[in-house]
Amino acid sequence: MAAFVKDLLTPFIAAIFGKPDFSGLYVELNGSRFMYGDFFNSLVSFLLVAAAVYFFAIVPMAYMAHKRRGELPPEPTTK
């Protein structure tokens, strides 16, 4: 999933918004640098991986479980 996010989703988002990497963003306060861009990169990556897992694993399993609920159980073959 990480490769899916890194190689497909991140460049797609970069094509839409124009900036794929936020690691250069920082705030300087009293001579100290706060590199919030790295945190933002990690947060975006985590959310994209979570969304990919949800839509490619959880949603299909829930759909199959919902589809099976309407079926009757099979009749026993022995008496």
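None of the figures in this text is laboratory data; all of them are computed from the coordinates on show. Predicted model only: the values in this text are computed from it and were never measured. Here Cβ is always computed from backbone atoms with ideal geometry, including for glycine, and neighbour counts include all displayed protein chains.
Enter the per residue convex hull volume of the chain, computed from alpha-carbon coordinates, in Å³ rounded to the nearest integer. Intermediate values should be presented prior to the final figure.
Details: hull volume 12.4 nm³, N = 79.
So the per-residue Cα hull volume is 156 Å³.
Grab the DSSP H runs of the chain that are 4 residues or longer, score each as -39,500 (n - 2.57), total them, divide by all residues and round the 222 nm result to the nearest 500 deg cm²/dmol. Please list the in-between numbers first.
Numbers: 3 runs with 36 residues, N = 79.
It lands at -14000 deg cm²/dmol.
Along the positive direction of the dipole of the chain (beta-carbon charges: Lys, Arg +1; Asp, Glu -1; about the Cα centre), which of Ile16, Val59, Pro76 reaches farthest?
Value: Pro76.
Between 0 and 90 degrees, rounded to the nearest ten: what's the tilt of helix 36-53 against the longest Cα principal axis of the chain?
10
With each label point set 7 Å from Cα along the Cα-Cβ vector, what nm distance links His66 and Ile13?
Between His66 and Ile13, the simple spin-label model gives 2.7 nm.
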